Amino acid sequence: MTEARANPLVRVRAAGKINLALRVGPRRPDGFHPLATVFQAVSVFDDVEVRHARPGTFAVSVTGPQAELVPTDGRNLVVHAAHLLIERYRLDRVGAEIAIRKSIPVTGGMAGGSADCAAALLALSVLWDLDVTPNELAELGGRLGSDVPFALMGQTAFGKGRGDDLVPVLSRGTYHWVLAFADFELSTPAVFARFDELNPAPSPDLDVPRGMLEVLASGDANALAGVLVNDLQDAALALRPELARTMDTGLEAGALASLVSGSGPTIAFLAPSEEAAIDLSCELGKAGVCRTVRRVSGPVHGARLVT
Ligand code: C5P
């Protein structure tokens with residue numbers, strides 16, 4: 001038997017996301033906040049590769065920018081994913097080597113950890129030959145992190161609850177974004193805590209901006225720019241005021257809109273066209289207002305096998 005047959009490699013690719021709308025309600029007793037959000041998966045991807053290892057062994061390796069910020073022990077969500085599959089499907093005598101190749105910024109507000117977790121759930125269920133439906137995977141994913149179900153689904157979706165209760169949204173065409181990755185991280189719980197301080201009584205009646213779903217169905221980037229909203233933006237800016245300069249720089253360089261991605265600190269700029277996005281990314285790069293500039297488009301697919 002060849003080495004490849006004896007120990008096949010399964011590779012899954014998962015995308016990062018931005019929230020086109022993120023409305024946040026009052027903190028719940030369990031510490032989470034009710035959300036009404038519209039996610040869009042964009043073309044920055046992490047790859048997760050798994051292969052069999054000695055039973056009970058879960059060896060994680062991480063490569064790519066900021067790899068040193070990602071834990072490789074039991075704190076990594078991919079290890080939680082492995083244990084959850086083992087528990088649910090009563091597996092014994094399984095182990096895995098899990099290699100994560102990162103491009104999505106770490107703790108950047110783009111659900112990179114959730115993308116890795118979603119990819120690991122799918123990859124391990126293939127490696128271990130489990131009979132899992134997409135709905136079961138989404139349910140398991142929701143137990144591991146609020147954004148994991150969307151990382152499995154991809155494209156564009158409306159989310160409520162913790163963001164894990166999803167309905168696909170019709171979206172026409174392709175949007176061109178420029179992302180400014182920061183040279184620091186923002187902790188999601190810290191941003192939500194600052195949101196609580198800034199908003200002692202947020203409305204519990206949450207909805208995404210009127211017209212956003214119609215705008216997405218029409219594919220008009222100018223119209224989308226007018227309805228983007230993120231209730232966590234002020235909290236992220238309060239924690240890191242220098243982000244305001246990054247946002248202004250992109251607007252001056254021709255972006256239709258600027259938006260903190262999720263809990264930040266990544267800033268997403270919507271461009272009117274692919275050509276404009278190229279110019280914008282050059283200008284932002286020259287201005288030195290972030291660690292890296294990255295041009296992406298969306299929507300793109302959710303976690304899926306790559307051969
Ligand atoms: O679900 P996830 O692990 O991604 O959430 C990380 C943290 O973000 C939570 O522990 C909570 O502090 C905060 N959070 C929240 N409300 C949400 C989602 C996340 O307060 N809907």
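The values are calculated or read from the model by the stated rules, or taken from the named source; none is laboratory data. Here the structure is a predicted model, which means the values were calculated and not measured. Methodologically, a virtual Cβ is constructed for each residue, glycine included, from the backbone with ideal geometry; neighbour enumeration extends over all protein chains shown. Accessible surface is based on the protein model in full, side chains and every heavy atom, while ligands, DNA and RNA are left aside. Shrake-Rupley method; radii C 1.70, N 1.55, O 1.52, S 1.80 Å.
Test D92 against the criterion of being in a loop (DSSP other than H, G, I, E, B) and modelled with pLDDT under 95, and give yes or no. Considered against the rule, which asks whether it is in a loop (DSSP other than H, G, I, E, B) and modelled with pLDDT under 95, D92 comes out as yes. Restricting attention to segment 104-124, the residues that are within 12 Å of the ligand (Cβ to nearest atom) and surrounded by fewer than 22 Cβ atoms within 10 Å (Cβ to Cβ) total 1. When segment 125-143 is limited to residues that are open to solvent by less than 40 Å² (accessible area, probe 1.4 Å), within 16 Å of the ligand (Cβ to nearest atom) and more than 14 Å from the chain's Cα centre (by Cα), the one that is nearest to L213 (Cα to Cα) turns out to be A138.
Inside segment 269-292, residues that are touching a helix residue (DSSP H, G or I) at 6+ places or on another chain (Cβ under 9 Å), buried (at least 21 other Cβ atoms within 10 Å of the Cβ) and closer than 17 Å to H176 by Cα make up a count of 5.
Residues that are within 16 Å of the ligand (Cβ to nearest atom) and out of contact with any Phe, Trp or Tyr (no Cβ under 8 Å at 6 or more places or on another chain) within segment 148-157 comprise V148, P149, A151, L152, M153, listed in sequence order. Among the residues making up segment 159-186, those that are within 15 Å of the chain's Cα centre (by Cα) and open to solvent by 40 Å² or more (accessible area, probe 1.4 Å) are R162, D164, E185.
May I ask you to verify whether P8 is in contact (Cβ under 8 Å) with a residue 60 or more places away in the chain, open to solvent by less than 70 Å² (accessible area, probe 1.4 Å), away from the ligand (no atom under 14 Å from the Cβ) and outside any strand (DSSP E or B)? The answer is yes for P8. The test for being modelled with pLDDT under 95, within 27 Å of R101 (Cα to Cα) and open to solvent by 20 Å² or more (accessible area, probe 1.4 Å) holds for T2. Within segment 192-219, the residues that satisfy the criterion of being over 23 Å from the mean Cα position of the chain (by Cα) and either at pLDDT 95 or above or open to solvent by 70 Å² or more (accessible area, probe 1.4 Å) (or both) are E197, L198, N199, P200, A201, P202, P204, D205, R210, E214, S218. Mind listing just one residue for me: the one in segment 126-140 that is without any contact (Cβ under 8 Å) to a residue 60 or more places away in the chain and touching a strand residue (DSSP E or B) at 6+ places or on another chain (Cβ under 9 Å) and, of those, nearest to G264 (Cα to Cα)? The extreme case among them is A138. Give me the pairs: first residue in segment 168-195 and more than 22 Å from L256 (Cα to Cα), second residue more than 16 Å from the ligand (Cβ to nearest atom) and among the charged types (D, E, K, R), beta-carbon distance under 6 Å, and six or more apart or on different chains, which are they? If the second residue must be more than 16 Å from the ligand (Cβ to nearest atom) and among the charged types (D, E, K, R), the pairs left are D183/R291. In segment 15-73, of all residues being within 16 Å of the ligand (Cβ to nearest atom) and among the acidic types (D, E), the one that is surrounded by the most Cβ atoms within 10 Å (Cβ to Cβ) corresponds to D46. What pairs come up if the first residue lies in segment 86-97 and is closer than 11 Å to L124 by Cβ, the second is of a type in the set (A, V, I, L, M, F, W, C) and part of a helix (DSSP H, G or I), and their beta carbons are under 7 Å apart, counting only those six or more places apart or on different chains? Close Cβ pairs (under 7 Å, with a partner that is of a type in the set (A, V, I, L, M, F, W, C) and part of a helix (DSSP H, G or I)) amount to L91/L85; V94/I86; A96/A82; A96/L124; A96/L127. Counting only residues that are more than 30 Å from A276 (Cα to Cα) and within 16 Å of the ligand (Cβ to nearest atom), segment 169-204 holds 17 of them.
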